[in-house]
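> What follows is a single structure, and I will ask about it in a moment.
The values are calculated or read from the model by the stated rules, or taken from the named source; none is laboratory data. In this text, all values refer to a predicted model and were calculated from it rather than measured experimentally. Neighbour counts are summed over all protein chains in view; Cβ atoms, including those assigned to glycine, are modelled from backbone coordinates with ideal geometry.
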Amino acid sequence: MDILTYLLALSITVLSVVKTTGLFYESDRKLGKIQKTFIEKTQALHNNQKGNITFVALCLVLIISAMLYFYVNKMSIEYKEAVYRKDSYLCFRFLNEKSKDYIKEMAKFNLALRAAFAARNTIVNGVSGEVAFKALTYSRNIRHYYYLKQFAKNNRCGSTDSLSYLKNLPFLTSSTGALETNIDETTQVRQMQWTNTIYKIPKAIRKKNSFCLKTTFQMKNAFFPDLKMNSEEIPAGGMPFLKCFSGAPSSS
């Protein structure tokens, strides 16, 4: 009886082990399938996310590149506009200062020439008045042509920048540029008031930021000019720009 009971218990135990082993094997097989499916799905999700990340990164690169290009281009234009303004004012100041000095010196020559003309027939300290008169005339002419040369060629202005000044010389000149003089060799004033304008054509800058510079000169006479200069900057945009070439007196 005990043996039968023992054998029965052993048989049940063996069957239980076999059944349990089979269940574990089946469960493991199914778990493997689930795990494989999960891995495949997560890999697919990862690949999709990778593609999305790449697309987003590309968009960000394009946006940043566009912004950089915009700001670099803007800074380049603003730099050129600053150079444009600097060059315009340096040229403007050069032409005005040279004209002012020229007028004052020519007035001094006129005073000296008138006195020397009156004393041509005298001799002072062994020097003939005629010699002194001719020397003054020669020096005055050199000073005049030096003024023209300064305007025709300098490092501050272009070839067209000083054109207005060369057209409106303070004193009368012939077609060759020589001074028109009185009998005593004193120079004749062209007019008591005149206007000079410079305008640099805008290149690679915004036209609205271009401008002209205008100066009105006024003098009393060829001997005591008491020179007055009124200058202004006129924007290129709109109707005010017409004032650049109107010839009307400008105001300070």
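> Of the residues in the stretch 151-170, how many are assigned to a helix (DSSP H, G or I), among the hydrophobic types (A, V, I, L, M, F, W, C) and surrounded by 15 or more Cβ atoms within 10 Å (Cβ to Cβ)?
3
> Looking for whichever is within 16 Å of Cys91 (Cβ to Cβ) and either at pLDDT 85 or above or surrounded by fewer than 12 Cβ atoms within 10 Å (Cβ to Cβ) (or both) here; the options are Thr197, Thr173, Thr137. Which one fits?
That would be Thr197, the only listed residue that is within 16 Å of Cys91 (Cβ to Cβ) and either at pLDDT 85 or above or surrounded by fewer than 12 Cβ atoms within 10 Å (Cβ to Cβ) (or both).
> Assess whether Ile234 counts as being without any contact (Cβ under 8 Å) to a residue 24 or more places away in the chain and out of contact with any Gly (no Cβ under 6 Å at 6 or more places or on another chain).
Spelling it out, Ile234 is indeed without any contact (Cβ under 8 Å) to a residue 24 or more places away in the chain and out of contact with any Gly (no Cβ under 6 Å at 6 or more places or on another chain).
> Given (1) part of a strand (DSSP E or B); (2) surrounded by 16 or more Cβ atoms within 10 Å (Cβ to Cβ), identify the lone condition not met by His144.
(1)
> Kindly establish whether Ala248 is over 26 Å from the mean Cα position of the chain (by Cα), modelled with pLDDT under 85, surrounded by fewer than 13 Cβ atoms within 10 Å (Cβ to Cβ) and in a loop (DSSP other than H, G, I, E, B).
Taking the combined requirement at face value, the residue satisfies it.
> So, one more: Taking the condition of being at positive phi and in contact with a helix residue (DSSP H, G or I) (Cβ under 7 Å, 6 or more places away or on another chain), how many residues in the stretch 200-230 meet it?
Counting residues in the stretch 200-230 that are at positive phi and in contact with a helix residue (DSSP H, G or I) (Cβ under 7 Å, 6 or more places away or on another chain) gives 1.
> Restricting attention to the stretch 176-203, and to residues there that are part of a strand (DSSP E or B), among the hydroxyl-bearing types (Ser, Thr, Tyr) and in contact (Cβ under 8 Å) with a residue 40 or more places away in the chain, which single residue is nearest to Arg156 (Cα to Cα)?
Among residues in the stretch 176-203 that are part of a strand (DSSP E or B), among the hydroxyl-bearing types (Ser, Thr, Tyr) and in contact (Cβ under 8 Å) with a residue 40 or more places away in the chain, the one nearest to Arg156 (Cα to Cα) is Tyr199.
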